[in-house]
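In what follows, a structure is listed as structure tokens, so that the remarks can point back to it.
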Amino acid sequence: MAHNPGFLKLVNEAKSRIKETDIQGYKKMLADGQKAGLIDVREDNEWAAGHAAGAMHLGKGVIERDIETRIPDKNTRLVLYCGGGFRSALSADALQQMGYADVISLDGGWRAYQQSGLPVEK
């Protein structure tokens, strides 16, 4: 998908302020026993078509509104994913501004997750 320049500028600025990991880094976190809440920030229809097993759905349109109710501990490690890593970067940036201290965006997102062999749900 070709993205508009204004959107890419916004994403790149967010990425300069957040932590990211790729799917190998995420798999290593799991293998090392590191706990992290996995959050899918995609749209409802994307979630319904399939998602990471055990993930929580908080779409980009509502995550800032609902995160404090769903995950009140702002020190909880959170790994956010979307389709490819752009919306999750924007969401991670917003959560950091809200005081969440350990937020990571999954670069490669759902596409990388599906190819990784990790479990999915529909």
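We did not get these values from a lab; they are worked out from the coordinates using the rules stated. Note that the structure is a prediction, hence the values are computed from the model and not measured. All Cβ positions, even for glycine, are placed from backbone atoms using ideal geometry, and neighbour counts span all protein chains on display.
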Simple spin-label estimate for residue 75/residue 116, 7 Å along Cα→Cβ, in nm, reads 2.5 nm
Scan (1) 50, 26, 19; (2) 35, 34, 25; (3) 74, 27, 26 for the value of Cα extents along the principal axes in Å calculated from this model and give just the label. (2)
Just check the stretch 38-90 against the gyration tensor rule for me: Cα atoms, a ≥ b ≥ c as the square roots of the eigenvalues, rounded for a/c under 1.5, and otherwise prolate or oblate depending on whether a/b exceeds b/c. prolate
Per the helix-only calculation at 222 nm, which mean residue ellipticity applies to the chain, given -39500 (n - 2.57) for every DSSP H run of n ≥ 4 and division by its residues, nearest 500 deg cm²/dmol? -12500 deg cm²/dmol
When you count, for each residue, the other Cβ atoms within 10 Å and take the mean per peptide, how do 18-31, 103-116, 81-94 rank with the highest first? 81-94, 103-116, 18-31
Ordering 38-44, 9-15 by per-residue average of other C-beta atoms within 10 angstrom, highest first, gives 38-44, 9-15
Report the number of Lys pairs in the chain whose alpha-carbons are under 17 Å apart, with separation of 8 or more residues or on distinct chains. 7
For residue 62 and residue 17, what is the calculated FRET efficiency with R₀ set at 30 Å and r taken between the beta-carbons, to the nearest 0.05? 0.85
